[in-house]
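*Asks:* Mind having a look at this structure? Questions to follow.
The values are calculated or read from the model by the stated rules, or taken from the named source; none is laboratory data. None of these values were measured; they are calculated from a predicted model. FYI the Cβ positions are ideal-geometry reconstructions off the backbone, even for glycines, and counts take in every protein chain you see. Calculation scope for accessible area: heavy atoms of the full protein, side chains included, ligands and nucleic acids excluded. Shrake-Rupley method; radii C 1.70, N 1.55, O 1.52, S 1.80 Å.
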Amino acid sequence: AGLFAEPSYASMAIHYYFAFFMLSKKINPKSLVGIGAIVGIVFFDLFIIRSVTGVVMISLYLASMQKAKDLIKSGVIAMVLLASVIYYVGQSPNAPRSIETAYDFFKYGGYQDPTPWLLEQSGFRFVSVWASYKYGFTHPFGSGVGGWGPASIQAMDDIGIKASAMSFFASAMGSEYQGVRPTSFAAGLMLETGIVGLLLFIIAFYPFLKRPEIYRDVHTRSITLFFLFNTFALGSIGDPLPFIFLALAYRSIIEPPEIVHE
């Protein structure tokens, strides 16, 4: 995972490896070993990778550990602890980037109008996904496979955000704004194949994702939640790890059907 080009991509990868390690070793997350491992990955997120994406991923992992009836109570406790960490650690000049970013969000009133803050902190990620989904609904067959370049610029224009207003394009490309692929697989499908292509993808994967067994087991549930989040919201469009680890998690509890040779 450390070979990834950006901390955000590395944090996504390392959480899949961590979740599958917990699954393969059958470690109870509420045991002493499990709690120690989770505390270790939290410290790794905050002080080694220091990415906001890592905080989101570990939050999803912790949420997947909870039963549905305990989600609200656990969420309130987690929010109080997180707010305390942000307040006390965020003021430090050496605070991890993820905590510093959250601290600045509240200190400078970013919560009052979060869109500019999201555009600044996420680069093209947030806007590319948002614009691609909207484009897929207004263009049911998309821009065609390979047509993502001009279509991504048009998609941003359609939601009222100019490339020239984003610091990512201004610093990376000067005055020439080339297209960028959205960072989630599903958003990429929407951009190139429209809602029709996305529906075909959902139809193909639904038989695997509807199996209740993968949600009953706490370890496979976390990997499945990672897959859904990275595929539909924030991921890397060319990253095979979500699909690989979903397959490994699926096969760990569901045996393939026997092939009958005639």
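*Asks:* Just one of the numbered conditions (1) touching a Lys or Arg at 6+ places or on another chain (Cβ under 6 Å); (2) touching a residue at least 12 places away in the same chain (Cβ under 8 Å); (3) part of a helix (DSSP H, G or I) is not true of Y215; which one?
*Replies:* Status for Y215: all satisfied but (2).
*Asks:* Does V39 count as assigned to a helix (DSSP H, G or I) and modelled with pLDDT of 90 or more?
*Replies:* yes
*Asks:* Scan region 28-72 for residues that are free of Cβ contacts under 8 Å to residues at least 24 places away in the same chain, of a type in the set (D, E, K, R) and closer than 29 Å to F126 by Cα and report the count.
*Replies:* 0
*Asks:* Taking only region 124-161 into account, find how many residues are β-branched (V, I, T), open to solvent by 30 Å² or more (accessible area, probe 1.4 Å) and in a helix (DSSP H, G or I).
*Replies:* Going through region 124-161 one residue at a time, the tally reaches 2.
*Asks:* Checking I223 against (1) closer than 23 Å to I14 by Cβ; (2) in a loop (DSSP other than H, G, I, E, B); (3) open to solvent by less than 40 Å² (accessible area, probe 1.4 Å), which test does it fail?
*Replies:* Every listed condition holds for I223 apart from (2).
*Asks:* Let me ask something additional. Name the single residue that is surrounded by the fewest Cβ atoms within 10 Å (Cβ to Cβ) among those in region 226-252 being among the hydroxyl-bearing types (S, T, Y) and not in a loop (DSSP other than H, G, I, E, B).
*Replies:* That would be S252.
*Asks:* I've got another one for you. Just give me the residues in region 5-44 being of a type in the set (F, W, Y), surrounded by fewer than 17 Cβ atoms within 10 Å (Cβ to Cβ) and more than 21 Å from I214 (Cβ to Cβ), in sequence order. Step through it out loud before you land on a result.
*Replies:* Restricting attention to region 5-44, the residues satisfying the condition of being of a type in the set (F, W, Y) are 9, 16-18, 20-21, 43-44.
Add one more test, that the residue is surrounded by fewer than 17 Cβ atoms within 10 Å (Cβ to Cβ), and what stays is 17, 21, 43.
Residue satisfying the conditions is F43 alone.
*Asks:* If only one of I244, I237, I214, I223 is more than 20 Å from M22 (Cβ to Cβ) and under 22 Å from the mean Cα position of the chain (by Cα), which one is it?
*Replies:* I237
*Asks:* Taking region 55-79, which residues are in a helix (DSSP H, G or I), closer than 17 Å to Y17 by Cα and at pLDDT 85 or above?
*Replies:* Those that are in a helix (DSSP H, G or I), closer than 17 Å to Y17 by Cα and at pLDDT 85 or above: V56, M57, I58, S59, L60, Y61, L62, S64.
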